[in-house]
Amino acid sequence: MKTNIHFINQSILCELENYFSKPIDLKTEVTTPEIEIKNSSIEDYNMFNPVFRSVIKDFIVILTKNFPREDLKNFYNNINGLKLKTKKLREASAHYKIDKNEIEVEKDLKPSNINGILFHELFHMASSTYANGRRYSGFSQRTKSTKKIIGNGINEGYTELLAHRYYPQIFKSSYVEECGIVLHLEDLIGKEEMSKLYLNADLNGLINRLREYTKDEDILEFITSVDQIQDYYLNKSTKIEFLYNIKKAYRFILRAYIKKQEIEYSNGKISKQEFINKVGEYIYLIKQTSHTDKNNYITQFEVIEILESVLGENEVNANITQKVYSMYSERT
Ligand SMILES: [Zn+2]
């Protein structure tokens with residue numbers, strides 16, 4: 001009997017390859033870069049393209065005012081030789097090239113959008129480094145031996161979050177879903193620590209923090225699901241896959257947050273009432289952020305199931321579950 005094997009097309013083969021490819025070992029493949037200090041001051045403002053000079057100055061003031069100097073090694077290394085170009089770009093409004101230390105900006109960009117977009121790229125510049133023959137940028141990096149980019153979704157979401165936070169004038173936003181997820185991730189890790197890890201291009205440090213609440217397998221699944229969100233906009237995934245990735249990310253964060261508060265409670269750092277309130281508030285905030293026009297990415301049923309799986313049946317869980325019932329019956 002003739003086999004159909006010859007008719008398997010290339011895309012199915014690629015999918016099979018992905019399916020059978022070994023998952024990344026976070027312990028060996030993700031590393032913290034050693035950042036050597038090449039510069040520690042800004043030599044000359046006149047080196048910047050005059051068109052962008054004032055927004056670069058604004059960025060420098062904001063960065064040096066809001067973040068500790070010890071976390072600005074990448075920034076001082078890169079800012080002095082930074083090149084800025086305008087050109088016709090096909091795929092993005094702007095991008096930062098780590099190896100060339102260069103920002104390219106779309107030449108026909110609306111003037112009202114330029115500063116916000118530039119802030120985003122400048123944050124990439126301030127959080128990128130080239131070390132041990134590999135590129136590290138904020139929460140993304142090329143894995144050690146498999147050379148795959150990992151963490152791009154979290155990185156873009158956090159970059160956009162910072163650009164909005166420090167340049168709040170309205171501009172066209174990208175990475176909306178990643179931004180929402182990362183906002184809650186920041187709540188879990190802590191604002192100061194999150195920006196420290198980002199500016200030092202330390203995805204490994206972020207993973208180490210998450211290891212306090214969960215296992216590597218789940219952390220990898222979380223990072224990968226955020227990485228895959230953009231596939232939908234690039235026509236590489238379906239709407240169902242897109243929604244499922246967002247759902248997986250929110251489920252992970254909620255589970256880790258409940259675990260964190262449970263640890264704090266059992267160590268006597270917070271009271272029972274604080275434990276209940278903190279988890280209740282976090283669920284409420286996630287509910288507010290994580291919805292499309294029609295649905296919540298994470299449903300009441302799922303929240304209750306996660307509570308049950310982390311806390312088991314007890315008074316704290318019963319209390320929080322009660323809060324969940326009433327917040328989901330509210331009209332928002
Ligand atoms: Zn970006």
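Computed from the coordinates by the stated procedures, all read-outs in this text should not be read as laboratory data. Keep in mind that what you see is a predicted model, and the values were worked out from it rather than measured. Heads up, the Cβs are rebuilt from the backbone with ideal geometry, glycines too, and the neighbour counts pull from every protein chain shown.
Laid out as a table, the results:
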{"item": "Per-residue Cβ neighbour rank within 10 angstrom, fewest leading, 329, 40", "result": "329, 40"}
{"item": "Among 207, 159, 60 - extreme Cα towards positive end, dipole of the chain, charges at beta-carbon", "result": "60"}
{"item": "Magnitude of the charge dipole, segment 28-210, Cβ model with Lys/Arg +1 and Asp/Glu -1, debye to 20", "result": "560 debye"}
{"item": "Net charge contributed by nearby residues that have their C-beta within less than 12 Å of residue 59 (K/R +1, D/E -1)", "result": "+1"}
{"item": "³J(HN,Hα), Karplus 6.51/-1.76/1.60, whole Hz, each residue of segment 135-148, x for Gly, Pro", "result": "8, 10, 9, x, 9, 10, 6, 7, 5, 4, 9, 7, 6, 9"}
{"item": "Semi-axes of the equivalent ellipsoid for segment 37-122, Cα gyration tensor, largest first, Å", "result": "23, 14, 12"}
{"item": "12 Å beta-carbon shell around residue 34, net charge (K/R +1, D/E -1)", "result": "0"}
{"item": "Helix axis angle, 111-126 relative to the chain longest principal axis, alpha carbon, degrees", "result": "80 degrees"}
{"item": "Overall form of segment 149-189 per C-alpha gyration tensor (a/c, 1.5; a/b vs b/c)", "result": "oblate"}
{"item": "Segment 222-304: chymotrypsin sites (Phe, Trp or Tyr not before Pro) falling in loop per DSSP and having at most 14 other Cβ within 10 Å", "result": "233"}
{"item": "Residue-averaged [θ]222 nm for the chain, counting only DSSP H segments that reach four residues, each worth -39500 (n - 2.57)", "result": "-17500 deg cm²/dmol"}
{"item": "Separation of alpha-carbon centers, segment 33-74 and segment 206-242, rounded to whole Å", "result": "31 Å"}
{"item": "The chain, dipole about Cα centre (Lys/Arg Cβ +1, Asp/Glu Cβ -1), debye to the nearest 20", "result": "860 debye"}
{"item": "Residue with peak Gaussian network fluctuation, the chain [Cα springs, cutoff 10 Å], from 53, 90, 209", "result": "90"}
{"item": "Burial ordering of 120, 95, fewest other beta-carbon atoms within 10 Å first", "result": "95, 120"}
{"item": "For residue 86, distant residues with modelled amide H under 5 Å away", "result": "105"}
{"item": "On Cα atoms only, tilt of 239-266 relative to the major axis of the chain in degrees", "result": "70 degrees"}
{"item": "Segment 28-210: relative contact order in percent, alpha carbon pairs under 8 Å with at least 6 residues between", "result": "25 percent"}
{"item": "Karplus (6.51, -1.76, 1.60) ³J(HN,Hα), θ = phi - 60°, over segment 216-223, in Hz, Gly and Pro reported as x", "result": "3, 4, 6, 5, 4, 5, 4, 4"}
{"item": "Local electrostatic count at residue 68 - Lys and Arg +1, Asp and Glu -1, tallied over other residues with Cβ under 15 Å", "result": "0"}
{"item": "Lys, Arg +1 and Asp, Glu -1 on Cβ, resulting dipole of segment 206-275 about Cα centre, debye, nearest 20", "result": "180 debye"}
{"item": "For residue 128, residues with placed amide H under 5 Å, excluding near neighbours", "result": "138"}
{"item": "Using alpha-carbon coordinates, inclination of helix 176-189 to the longest axis of the chain, degrees", "result": "70 degrees"}
